[in-house]
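Data block below; observations after.
The values are calculated or read from the model by the stated rules, or taken from the named source; none is laboratory data. Fair warning: this is a prediction, and the values are worked out from it, not measured in the lab. Don't worry about glycine lacking a Cβ; one is built from the backbone with ideal geometry, like all the others, and counts go over all protein chains shown.
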Amino acid sequence: MVRHFQGATALFDSEQKLFTTRLAKYARRKGLNCQIGAILGNTTGDGELAAKLSACGRYLAFNQYLASGQIKLACGNFCNLHMLCPCCAAARSRRLLARWLPLVFNPGNQNKVKHYLCTLSWPPPAKSLAMAAEPGDDLRVNLAVGQIAWRKLWKRRTNRLSGPLADVLGAILATEVTRGPSGNWHPHFHVLVTMPENKRISASDLRQEWSKLTGGRQLRLDPLRLPSDVVEVFKYVVKPADLGKGGKLDSAGVMTRFEIWQALKGARLVRGFGCYYGVQDEDLTQPEDVQETAAYIELVFKWMDKTYSLVSTRGTWDSRSPGTGSAA
Ligand SMILES: [Zn+2]
């Protein structure tokens, strides 16, 4: 049964406040998305790409559930270009957290575990070896150095149960890319490491091993702070501040993002190992999980250049959901 409401008057106050804040965030990201699309269109001449970005988030549909008052994003036309688009970067981060966080708290039914956050970086390969035959080749080669080193490190743990990761139960590796002032790429890994509570990981052994494999550079290993460090691991491939100097969007920052996207599009930038192996990471910009059988009001917003405006509401409910049919 479907009925039409006069307006969204059934919104609960507290949820309404949260939602207003949230919608303002969507609007801020959509504003950036429009500016990035315009800069890319002008700079690269790729009208198709600019149009795809500009169409992202033009309409957003939310479900407000009558029983709980919760408001969930149910539908949106996303571009899925998370390395370019702030709207999709935030959606990807949210989905990654929803997918991985429950596993971090319960990896393979191990009750007594502890976690570390490890940051691994490495020096770039010699210029003569980084043959920039195609756009993005230098970043791809640089990243491959780290990926190969990590695989070797993990293989030692898997094959011989030796090395600094011997006691590790599992690891989640997320890639982040920054660019130094000299223009050099600086890809690095944030690795969430999980191990039994009664075992320890030696930072000096890990540093020594990583140094042998990559030629050194920094390594940080700290006990994981929940949930802030986990959020940091999954947040972005490219930090929002890297869009321009001082956090202000400029064309150089946008072109940096464009180069990163050219180099890494299609790459798996978050991977699970050990007890986290096999977790799928597709569809990361899909809307939130919605309850298809619960009664809700559908709220459709349209982007109006500077803000989102409510353009349509519609009430639906299912007779199987008790106590929800009277909210009209
Ligand atoms: Zn997008």
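Of all residues in the range 139-180, which are among the hydrophobic types (A, V, I, L, M, F, W, C) and assigned to a helix (DSSP H, G or I)? It would help to see each step written out before you state the result.
Step one: filter the range 139-180 for residues among the hydrophobic types (A, V, I, L, M, F, W, C), giving 139, 141, 143-145, 148-150, 153-154, 161, 165-166, 168-169, 171-174, 177.
Answer for the range 139-180, where residues must be among the hydrophobic types (A, V, I, L, M, F, W, C) and assigned to a helix (DSSP H, G or I): 139, 141, 143, 144, 145, 148, 149, 150, 153, 154.
With the checklist (1) more than 15 Å from residue 274 (Cα to Cα); (2) touching a helix residue (DSSP H, G or I) at 6+ places or on another chain (Cβ under 8 Å); (3) buried (at least 20 other Cβ atoms within 10 Å of the Cβ) in hand, flag the one item residue 178 doesn't pass.
(3)
Could you tell me whether the range 254-267 includes any residue that is farther than 21 Å from residue 172 by Cα, at pLDDT 90 or above and among the small types (Gly, Ala, Ser)?
There is at least one residue in the range 254-267 that is farther than 21 Å from residue 172 by Cα, at pLDDT 90 or above and among the small types (Gly, Ala, Ser).
From 135, 124, grab the single residue that is at pLDDT below 90 and either touching a strand residue (DSSP E or B) at 6+ places or on another chain (Cβ under 7 Å) or crowded, with 17+ Cβ neighbours inside 10 Å (or both).
Values: 135 fails: either touching a strand residue (DSSP E or B) at 6+ places or on another chain (Cβ under 7 Å) or crowded, with 17+ Cβ neighbours inside 10 Å (or both).
When all the criteria are applied, what remains is 124.
Restricting to the range 64-88, what's the tally of residues that are within 13 Å of the ligand (Cβ to nearest atom) and crowded, with 20+ Cβ neighbours inside 10 Å?
Summing the residues that are within 13 Å of the ligand (Cβ to nearest atom) and crowded, with 20+ Cβ neighbours inside 10 Å in the range 64-88 gives 11.
Which condition number does residue 37 fail, the rest of (1) in contact with a Ser or Thr (Cβ under 6 Å, 6 or more places away or on another chain); (2) more than 24 Å from residue 269 (Cα to Cα); (3) crowded, with 18+ Cβ neighbours inside 10 Å being met?
Of the numbered conditions (1) in contact with a Ser or Thr (Cβ under 6 Å, 6 or more places away or on another chain); (2) more than 24 Å from residue 269 (Cα to Cα); (3) crowded, with 18+ Cβ neighbours inside 10 Å, the odd one out for residue 37 is (2).
For the range 104-121, state whether one or more residues are buried (at least 18 other Cβ atoms within 10 Å of the Cβ), part of a loop (DSSP other than H, G, I, E, B), touching a helix residue (DSSP H, G or I) at 6+ places or on another chain (Cβ under 9 Å) and assigned by TED's automatic domain parsing to the domain that holds residue 209. Give the derivation first.
The first filter runs over the range 104-121 and keeps only residues buried (at least 18 other Cβ atoms within 10 Å of the Cβ), leaving 104, 107, 113, 115-118, 120-121.
Remaining after also requiring part of a loop (DSSP other than H, G, I, E, B): 121.
When the remaining residues are screened for being touching a helix residue (DSSP H, G or I) at 6+ places or on another chain (Cβ under 9 Å), the result is 121.
Among the residues that remain, those that are also assigned by TED's automatic domain parsing to the domain that holds residue 209 are: 121.
Within the range 104-121, one or more residues are buried (at least 18 other Cβ atoms within 10 Å of the Cβ), part of a loop (DSSP other than H, G, I, E, B), touching a helix residue (DSSP H, G or I) at 6+ places or on another chain (Cβ under 9 Å) and assigned by TED's automatic domain parsing to the domain that holds residue 209.
Within the range 36-63, which residues are part of a helix (DSSP H, G or I) and within 13 Å of the ligand (Cβ to nearest atom)?
36, 37, 40, 49, 50, 51, 52, 53, 54, 55
Looking only at the range 193-206, which residues are surrounded by fewer than 18 Cβ atoms within 10 Å (Cβ to Cβ), touching a strand residue (DSSP E or B) at 6+ places or on another chain (Cβ under 9 Å) and either acidic (Asp, Glu) or in a helix (DSSP H, G or I) (or both)?
197, 203 - these are the residues of the range 193-206 that are surrounded by fewer than 18 Cβ atoms within 10 Å (Cβ to Cβ), touching a strand residue (DSSP E or B) at 6+ places or on another chain (Cβ under 9 Å) and either acidic (Asp, Glu) or in a helix (DSSP H, G or I) (or both).
Counting just the residues of the range 29-83 that are charged (D, E, K, R) and in contact (Cβ under 8 Å) with a residue 24 or more places away in the chain, which one comes out nearest to residue 96 (Cα to Cα)? It would help to see each step written out before you state the result.
Restricting attention to the range 29-83, the residues satisfying the condition of being charged (D, E, K, R) are 29-30, 46, 48, 52, 58, 72.
Going one step further and asking which of them are in contact (Cβ under 8 Å) with a residue 24 or more places away in the chain, we end up with 29-30, 52, 58, 72.
Working: 29: 19, 30: 21, 52: 23, 58: 23, 72: 17 Å.
Among residues in the range 29-83 that are charged (D, E, K, R) and in contact (Cβ under 8 Å) with a residue 24 or more places away in the chain, the one nearest to residue 96 (Cα to Cα) is 72.
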